[in-house]
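Undergrad: My questions all concern the structure below.
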Amino acid sequence: MTLTRLHKAIDESCPQLANSVQIRIKLMAEGELKDMEQFFDDLSDSFSGTDPEVHKTSVVGLFLRHMILAYNKLSFSQVYKLYTALQEYFQNAGKKAAVEEADMDLTSPEGQLVGVMEREDLDVPSREEEISCSGPLSQKQAEYFLSQQASLLKNDETKALTPASLQKELNNLLKFNPDFAEAHYLSYLNSLRVQDVFSSTHSLLHYFDRLILTGAESKSNGDEGYGRSLRYAALNLAALHCRFGHYQQAELALQEAIRIAQESNDHVCLQHCLSWLYILEQKRSDSCVLLEHSVKKAVHFGLPYLASLGIQALVQQRAFAGKTASKLMDALKDSDLLHWKHSLAELVDISLAQKTAVWRLYGRSTMALQQAQTLLSMNSLEALNLGVQQSNTESFAVVLCHLAELHAEQGCLAAASEVLEHLKERFPPNSQHAQLWMLCEQKIQFGRAMNDGKYHVADSLVTGITALNSLEGAYRKAIVLQAQNQMSEAHKLLQKLLVQCQKLKNTEMVISVLLAVAELYWRSSCHTIALPVLLQALALSREYRLQYLASETVLSLAFSQLILGIPEQALNILHMAIEPILADGAVLDKGRAMFLVAKCQVASAASYDPQKKVEALESAILNLNEAKSYFAKVDCKEQIRDVLYFQARLYHMLGKAQERNRCAMLFRQLHQELPAHGVPLVNHL
């Protein structure tokens, strides 16, 4: 309520009282801070004496006592802030005396003081925009504001204030209370959102400084409070440096945390340090032993969260090492038992995302899709505010990216686009997990451009992919160069990438690079040189149990045998690869497999008797029709053109002139749209 409306409302009931209120507010606003203090002292005197003006148990008495008690709890900075707001309230009332009766906006400058008082009495959660630090906030309101924003940053970043707005509010809070440790910590979390190294480090150090200076830790933890703050400050600093890739500084901070924790005999802190030590040293050969030791210690000290995270990391490491999927799923089942037993809702999400990624790594897209749908159909186990049913965490971003890629692989580009749009809404470009969908979107667009034969468009997308993932970018650059017949440049880039991937032990990418090298040899008519490369890729994919990559390698081996003139042998080994590809493969790979089967059937039919030869050619035509339908789903015009060429030749051999002419006409239309790049058709899988 504005001061003008307040005066008018009192005046209607008691003009004398209205005049007294007006005079008292004017005295306080135009006077000094001591005048406001005198006002509250006078309120206290109204209860004293044998015949008090106000009884303590009356409605007015209870209200006055509540107000006096709240005032006495304020720190000096908060009292000064209250006095400043009162002055502003009075001054704005003079400027806007003609405000209309219906103006009830509590967020206007005149209503700040009353609005704050009313919101303090409400127990129901206020909307985000109502809780701001622009007016004087009580200690409880400030704590509620900080806890709400921290919860939103963790569970649903889109509903939190923007980084700039939140930092402005925090700066306003800290201006009046620089020792408010929780505000420094929220500032640290806010700086992490925008990857600000300096500000996040500054805020984190200030947070622990304030804990030590105010003695908050010492009060709750006795004499150990000071040391506890120091060791956890060092641990958090190590985690911060690790997040930004400053591994040397992270290791130094971690060693400091370990030293202080050992001096204090703090096993819990040491266990956290051990977990971070694994993250820093996970590329070392003995890191698996370190991780197993970490899990055992976490179980021993009753730390289920750390134990489960350790199991998750162990599963990830063993998946890259080629362990069987059944053993990994058993381990994840054990971690799931911990999650449900201790209600670790966040880790339930991580476990499902991990299962999705493991099945995808092993080439089982159906199982990956099932796990992704399981997570997306679940509501969060945590009590989230503002009607949020699911957490906007990294787990959901990872699963939705997998879902978009799986749809794109099956030719459902419209569905993939819808998933990406949903990702953009849940994780805006300035959020910390936005890079996941950015990379996913660029990869899908790249695949689409390559299928359309628009190599210049694909080349323009390589820069964006490289910025997000250097290995993926280099691999796709080599693919574009190869498609543009720049063989020597593509070969140099692939060889350099192969060495880099072997050094990083990225087996999945190593196999993909080897397959690309083999295709480069085909295009250069070096068919025999491609065989040892393919055999190396097959050995790696089987050793690491990457079923889908193994099937793709067998497909390439069969193609090499076809080129070398042994189509019967090629048909025999195709049976090893065709089933996994048709069951879990991408639509493009299904089309390539059926196209290759048809080629092998035609090549084998040369030695058959006339009747059997006709049957083989008709069977090949049916397989070509199936391949064409697969290619049409992803709009791969170059492959459709090749299929039409083969079909026209086969119909000609069978004497079916009408079908031949139809295929020839369609081939001519596509050939004019997509001119050949000078690569013999037989050298293209």
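The values are calculated or read from the model by the stated rules, or taken from the named source; none is laboratory data. Please read all numbers here as calculations on a predicted model, not as lab measurements. Virtual Cβ from ideal backbone geometry, glycine too; neighbours counted across all protein chains shown. The accessibility values were calculated without ligands, DNA or RNA, using every heavy atom of the protein model including side chains. Shrake-Rupley method; radii C 1.70, N 1.55, O 1.52, S 1.80 Å.
Undergrad: For the range 556-578, give me each residue that is small (Gly, Ala, Ser) and open to solvent by less than 20 Å² (accessible area, probe 1.4 Å).
TA: Ser556, Ala558, Ser560, Ala570, Ala577
Undergrad: Let me ask you something else. Assigned to a loop (DSSP other than H, G, I, E, B), on the phi > 0 side of the Ramachandran plot, modelled with pLDDT under 90 and crowded, with 22+ Cβ neighbours inside 10 Å: is that true of Gly387 in this structure?
TA: Taking the combined requirement at face value, the residue does not satisfy it.
Undergrad: Which number in (1) part of a helix (DSSP H, G or I); (2) at pLDDT below 85 marks the one condition that Gln282 misses?
TA: Every condition holds for Gln282 apart from (1).
Undergrad: Can I ask one more? I'm checking my understanding of the structure. Among residues of the range 345-360 that are open to solvent by less than 30 Å² (accessible area, probe 1.4 Å) and at pLDDT below 90, which one is nearest to Ala404 (Cα to Cα)?
TA: Filtering first and then ranking leaves Asp349.
Undergrad: Additional query: List the residue pairs whose Cβ atoms are under 8 Å apart, where the first residue sits in the range 649-673 and is farther than 20 Å from Cys636 by Cβ, the second is open to solvent by 100 Å² or more (accessible area, probe 1.4 Å) and assigned to a helix (DSSP H, G or I), and the two are 6 or more positions apart or on different chains.
TA: Matching pairs, first to second residue: Arg660/His652.
Undergrad: Let me ask something additional. Hey, does the range 1-17 have a residue that's assigned to a helix (DSSP H, G or I), more than 56 Å from the chain's Cα centre (by Cα), hydroxyl-bearing (Ser, Thr, Tyr) and closer than 29 Å to Lys95 by Cβ?
TA: Checked the range 1-17: at least one residue is assigned to a helix (DSSP H, G or I), more than 56 Å from the chain's Cα centre (by Cα), hydroxyl-bearing (Ser, Thr, Tyr) and closer than 29 Å to Lys95 by Cβ.
Undergrad: What number of residues within the range 612-632 are over 18 Å from Val602 (Cα atoms) and surrounded by fewer than 19 Cβ atoms within 10 Å (Cβ to Cβ)?
TA: The qualifying residues number 2.
Undergrad: Can you list residue pairs whose Cβ atoms sit under 9 Å apart, with the first residue in the range 134-153 being outside any helix (DSSP H, G or I) and polar (S, T, N, Q) and the second being at pLDDT 75 or above and open to solvent by 10 Å² or more (accessible area, probe 1.4 Å)? Count only pairs 6 or more apart in sequence or on different chains.
TA: Ser134/Glu169; Ser134/Asn172; Ser138/Ala70; Ser138/Lys73; Ser138/Leu74; Ser138/Gln78
Undergrad: Looking at the range 602-610, can you tell me whether even one residue there is hydrophobic (A, V, I, L, M, F, W, C) and crowded, with 22+ Cβ neighbours inside 10 Å?
TA: For the range 602-610, residues hydrophobic (A, V, I, L, M, F, W, C) and crowded, with 22+ Cβ neighbours inside 10 Å: present.
Undergrad: Would you point out which residue out of Ala181, Ala160 is closer than 17 Å to Ala233 by Cα, touching a helix residue (DSSP H, G or I) at 6+ places or on another chain (Cβ under 7 Å) and among the small types (Gly, Ala, Ser)?
TA: So the residue among Ala181, Ala160 that is closer than 17 Å to Ala233 by Cα, touching a helix residue (DSSP H, G or I) at 6+ places or on another chain (Cβ under 7 Å) and among the small types (Gly, Ala, Ser) is Ala181.
Undergrad: Pull up the range 521-530, narrow it to residues that are in a helix (DSSP H, G or I) and out of contact with any Phe, Trp or Tyr (no Cβ under 6 Å at 6 or more places or on another chain), then point me to the one that is most open to solvent (accessible area, probe 1.4 Å).
TA: Thr528
Undergrad: Among the residues of the range 453-468 satisfying the criterion of being within 16 Å of Lys637 (Cα to Cα) and either open to solvent by less than 30 Å² (accessible area, probe 1.4 Å) or among the aromatic types (Phe, Trp, Tyr) (or both), which is modelled with the highest pLDDT?
TA: Taking the candidates together, the pick is Ala458.
Undergrad: Checking the structure you have, find out if any residue of the range 605-625 is at pLDDT 90 or above and within 23 Å of Cys412 (Cβ to Cβ).
TA: Yes, some residue in the range 605-625 is at pLDDT 90 or above and within 23 Å of Cys412 (Cβ to Cβ).
Undergrad: Among what's in the range 401-432 and is in contact (Cβ under 8 Å) with a residue 60 or more places away in the chain and outside any helix (DSSP H, G or I), pick the residue that is nearest to Ala449 (Cα to Cα).
TA: Gly411
Undergrad: Follow-up. Restricting the range 476-495 to residues that are of a type in the set (S, T, N, Q) and part of a helix (DSSP H, G or I), which is farthest from Ser524 (Cα to Cα)?
TA: Gln495
Undergrad: If you don't mind, another one. Which residues, counting only those in the range 655-675, are open to solvent by less than 40 Å² (accessible area, probe 1.4 Å) and at pLDDT 90 or above?
TA: Across the range 655-675, the qualifying residue is only Cys663.
Undergrad: State whether one or more residues within the range 485-499 are at pLDDT below 90, open to solvent by 20 Å² or more (accessible area, probe 1.4 Å) and not aromatic (Phe, Trp, Tyr).
TA: yes
Undergrad: Any residue at all in the range 100-118 that is modelled with pLDDT under 50, assigned to a helix (DSSP H, G or I) and open to solvent by 60 Å² or more (accessible area, probe 1.4 Å)?
TA: Yes, the range 100-118 contains at least one residue that is modelled with pLDDT under 50, assigned to a helix (DSSP H, G or I) and open to solvent by 60 Å² or more (accessible area, probe 1.4 Å).
Undergrad: Which of the residues that make up the range 314-330 are within 24 Å of the chain's Cα centre (by Cα) and either closer than 16 Å to Val289 by Cα or at pLDDT below 85 (or both)?
TA: Leu314, Val315, Gln316, Gln317, Arg318, Ala319, Phe320, listed by residue number.
Undergrad: Given the conditions (1) within 28 Å of Glu394 (Cα to Cα); (2) open to solvent by 10 Å² or more (accessible area, probe 1.4 Å); (3) of a type in the set (A, V, I, L, M), report the number of the one that Leu211 does not fulfil.
TA: (1)
Undergrad: Out of everything in the range 32-65 that is assigned to a helix (DSSP H, G or I) and aromatic (Phe, Trp, Tyr), what residue ends up being surrounded by the fewest Cβ atoms within 10 Å (Cβ to Cβ)?
TA: Phe63
Undergrad: Filter the range 500-520 down to the residues that are open to solvent by 40 Å² or more (accessible area, probe 1.4 Å) and in a helix (DSSP H, G or I) and list them by number.
TA: Gln500, Gln502, Lys503, Leu504, Glu508, Glu519
Undergrad: Pick out the one residue from Leu413, Leu423, Leu436 that is under 26 Å from Ala474 (Cα atoms), modelled with pLDDT of 90 or more and open to solvent by less than 30 Å² (accessible area, probe 1.4 Å).
TA: Leu423
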